[in-house]
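The values are calculated or read from the model by the stated rules, or taken from the named source; none is laboratory data. Here the structure is a predicted model, which is why all the values come from computation and not from measurement. Heads up, the Cβs are rebuilt from the backbone with ideal geometry, glycines too, and the neighbour counts pull from every protein chain shown.
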Amino acid sequence: MSNTDSGELKLHFLDYWRVIRVRLPLILLVFLLVVLTAAVVTHFMPKEYASTVTMQVKQNDTLMTIFPGQNTMGFDPRFLTTQFEIIQRKEMLYPVIDALGLEQRWRGAYGFTSKEQVYFRLRNMIDVREIRNTELIQIVVMSTNREEAAEIANRIAEEYEKKRIQDQQELISRSLAQLQDEVEKQRKKVEELRSEATRIRIENKISDFNPDTLMDPRDTANDVYQSVEQQVSSERLRVSALRAKHDQINKLTDDQVMRSITTLEITDPTISQILPLFQEATSEEARLLQSGLGINHPTVKALRAKMDVMSEQLKQQIKSLRSSLEANLDIANASLKELEARLEEAKANQQNAKTRSASYYDAKNNYLQAKNVLEAAIMRLSTETMNRKMPQNPATIWERAEPASFPSRPRVMLNILLGVGVGLVFGVGLAFFIEYLDTSVKTMEDVETFLQVPVLAVIPKDISLLIDDTDDNPDAEAYRIMRTNIEFNRKTPDANTITIVSGGAGEGKSTTLINLAYTFAKGGYTTLVVDADLRRPSQHRLFEIENAAGLSDYLTTELDLEEVVHLTKIDNLYLMTSGRLPSDAVGILNSQRMVELIEEVKGRFDIIFFDSPPILGVSDASVLSSAMDLTIIVVQHRRFPRAMLQRVKQAVGNVGGTILGVVLNNVDIRHDQHYEYYTSYYNYYHKTGKNDRRKGSKKRKTQTTVAASQTKNDTDDEVY
């Protein structure tokens, strides 16, 4: 936030604080009136006693269904609110009225003529509350009779408890009857479905050894078909393996078969026994030949004869092996064909079973589902019948009401605090509302906004007459500021005739004029004060000079200026009183003699001030404004509407007068802190300066007399 924004916010806050300080007496008056009213009303209010019953209230969960947990509603957040309303209805309170005889009791006490009137009064006495996060509620009854409050509270709780138990019993009875009807309907449905399944099974000649289970007759055919299919697959693999081995052996010679017997994975026992001996004999023959024996050696011949026998045996055995493999292959092919035939038969049986058993299986499934529902319903009915015999407590009284020891109403402290709060709010609100309606001049900004002229000075409230003070007076500083502003705002030193006007009477223009003239005289100016208010003159009383010969005498006779100008007790300060009051003040002020007077005093005095009547009251001030070099407007702070400023300015402008500026008079700086910096010069004086100015009764005696005279004069001026 920028500094400018901060300044504006601070200024706005100070404006609010200023309004509160200015209107503080009104705020305090309203505050005290509201607080006293609250206290008086509280004192005269009848004392009421509260009795409380604490109950546990449970939600009804007696909704019966076949399957537990089916269609359960759960906790209803509106349940307790609903019960609060039920407790306060006629169906609940009428039995209380009858049981306690309230109709007869209150008929004489309150003049009731009907039971409904008794009900409405009873309902207004009841307050039902919830204890958070529990099932507990409180029934509070307020009455001027403590025993009556406790009696009514207990009776309401008892009637509500009895009503809840009765309602729940009726609900259970209706639910059991409804559940019994559902069981009978379900039993008939089960019997019909069982008969239908039996009929289909007999007509289609279906073998079902477990008609009361969920086993499907089609599953047996499926199992058979899958078993045969697996056997066919296995046999085909075995035939393929035998054919491959048969074809491989037929391609080899006997010698190749003997050398590959291990690779071919042939497990013939004869070959396995003879082949190692034959191989050993072959190795022995080779060893003997290498040792130098000839082929005709008896040992070699004998070994060869043995080898021939074993070779013949091996060939015979290989031949037998080939025959055996071919026979096994034929047998496997035959077995495969048989299995394939069985597979086709199993497949046909499976299709047939599907066709014949589909409708039966559906009928059987419907029957079993209905049977399960019936069994659950029978069990639920049995359980609820047993629970029906158990005691029910949907509402339980845990704490009965007792007569109260102390009254609960009126709440003295609460009412006083509310009165304090309402008083402050109403007082401050009224202060701001009056401030809003108040269109008087409150700030320098008001003056500058409406008149577009500068403010020459801000004069504090209770300013004394400076001519009566022998010592230096801090009040003079405001007029010194005004003198300085006049000096710098005058275009030329020749513009030295100044008239001071105001919109209405009593705005302090005469006091402002004399103090300003005093300040100019003290500043070395030869100053003349001319009392041109020829209707209600006051300057001769303020200066304590006889009003023997003055302005009117000078204008209507041939007197010299020296004869009507008097030297006051202040150096450099002279006074021309009003003189005898003429019958035509405007005529003599708007004369050639007046013009000559102005020209003469302009040359003989440094500064001349003309006192005038209110400009909106008579035309004298307009004549003076047109004849003077400058016009100063005095505006009393917070007195006249702002629209009056514009009329004053127009009145001066219409006669050709020149407005030098405005003096904001009679400002209470204790309330309007905006103007404190205008009077900060007080801090430069000794601390007893203010006290001396206030406490010096002897010194201010003359001032008080003059001020009283001025007040009387201003009051008389209100005719203008």
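Assorted remarks:
Results for (1) outside any helix (DSSP H, G or I); (2) modelled with pLDDT of 80 or more; (3) under 30 Å from residue 240 (Cα atoms), shown as yes or no for each residue.
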{"site": "277", "(1), (2), (3)": "no, yes, no"}
{"site": "282", "(1), (2), (3)": "no, yes, no"}
{"site": "287", "(1), (2), (3)": "no, yes, no"}
{"site": "296", "(1), (2), (3)": "yes, yes, no"}
{"site": "323", "(1), (2), (3)": "no, yes, yes"}
{"site": "342", "(1), (2), (3)": "no, yes, yes"}
{"site": "349", "(1), (2), (3)": "no, no, yes"}
{"site": "354", "(1), (2), (3)": "no, no, no"}
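- Among the residues of segment 145-168, just one is more than 17 Å from residue 404 (Cβ to Cβ) and hydrophobic (A, V, I, L, M, F, W, C), namely 165.
- Per the listing 80, 93, 36, 122, the residue uniquely at pLDDT below 90, aliphatic (A, V, I, L, M) and out of contact with any Pro (no Cβ under 9 Å at 6 or more places or on another chain) is 80.
- None of 337, 301, 319 is over 60 Å from the mean Cα position of the chain (by Cα), under 23 Å from residue 226 (Cβ atoms) and either modelled with pLDDT of 80 or more or of a type outside the set (Asp, Glu) (or both) except 337.
- Any pair with Cβ under 8 angstrom, 6 or more apart, that starts in segment 246-264 at a residue that is more than 17 Å from residue 323 (Cβ to Cβ) and ends at one that is at pLDDT below 70: none
- Count - residues of segment 89-124 that are in contact (Cβ under 8 Å) with a residue 24 or more places away in the chain, aliphatic (A, V, I, L, M) and either part of a strand (DSSP E or B) or surrounded by fewer than 19 Cβ atoms within 10 Å (Cβ to Cβ) (or both): 3
- Residue in segment 616-635 that is at pLDDT below 80, touching a Gly at 6+ places or on another chain (Cβ under 9 Å) and in the same structural domain as residue 460 (by TED's automatic domain parsing) present: yes
- Selection from segment 591-621 of residues that are surrounded by fewer than 15 Cβ atoms within 10 Å (Cβ to Cβ) and aliphatic (A, V, I, L, M): 595
- Exclusive hit being over 16 Å from residue 598 (Cβ atoms), buried (at least 24 other Cβ atoms within 10 Å of the Cβ) and not β-branched (Val, Ile, Thr), set 528, 542, 534, 551: 542
- Test result for residue 634, under 24 Å from residue 668 (Cα atoms), crowded, with 17+ Cβ neighbours inside 10 Å and under 60 Å from the mean Cα position of the chain (by Cα): yes
- Residue match in segment 129-137 (condition: β-branched (Val, Ile, Thr), exposed (fewer than 14 other Cβ atoms within 10 Å of the Cβ) and closer than 18 Å to residue 56 by Cα): yes
- Search result, residues across segment 459-488 that are over 22 Å from residue 668 (Cα atoms) and touching a Leu at 6+ places or on another chain (Cβ under 8 Å): 467, 486
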